[in-house]
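The values are calculated or read from the model by the stated rules, or taken from the named source; none is laboratory data. Computed from a predicted model, the values in this text were never measured in an experiment. Positions of Cβ are generated from backbone atoms using ideal geometry, with glycine treated the same way; all protein chains shown enter the neighbour counts. Heavy atoms of the whole protein, side chains included, go into the accessibility calculation; ligands, DNA and RNA do not. Shrake-Rupley method; radii C 1.70, N 1.55, O 1.52, S 1.80 Å.
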Amino acid sequence: MKADMILKIIIPPVIIFAVLIWLTIAKVLTGWWLYIVWILGFIVANVIVTRITARWSIQRQRAKRLAEEKKDHHNE
């Protein structure tokens with residue numbers, strides 16, 4: 001995996017959880033709001049990472065398919 005892809009996967013969750021930790025330590029989030037916001041944070045972080053990795057995987061598969069098609073056309 002490329003370094004830029006790893007950064008795209010790591011940075012959004014780190015920012016989300018850094019904000020959540022800061023809000024929790026500052027006691028801005030308390031009680032049920034604490035649980036709700038943390039659960040939403042996990043969901044959002046997972047969605048972001050899933051979208052990035054899915055896009056990367058689809059692009060890789062398209063490139064692979066295109067290379068195979070070029071190889072097949074070249075052999076004919």
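Of all positions in segment 9-23, at least one carries a residue that is at pLDDT below 90 and either out of contact with any Leu (no Cβ under 9 Å at 6 or more places or on another chain) or assigned to a helix (DSSP H, G or I) (or both).
Of all residues in segment 7-32, those satisfying the criterion of being β-branched (V, I, T) and open to solvent by 70 Å² or more (accessible area, probe 1.4 Å) are I10, I11, V14, I15, V19, I21, I25, V28, T30. Looking at segment 30-37, can you tell me whether even one residue there is at negative phi and not in a helix (DSSP H, G or I)? For segment 30-37, residues at negative phi and not in a helix (DSSP H, G or I): present. None of I39, I15, I6 is without any contact (Cβ under 8 Å) to a residue 40 or more places away in the chain and within 17 Å of R55 (Cβ to Cβ) except I6. In this structure, K27 does not qualify as part of a helix (DSSP H, G or I) and not acidic (D, E). Number of residues in segment 52-76 that are surrounded by 11 or more Cβ atoms within 10 Å (Cβ to Cβ) and without any contact (Cβ under 8 Å) to a residue 24 or more places away in the chain: the value is 1.
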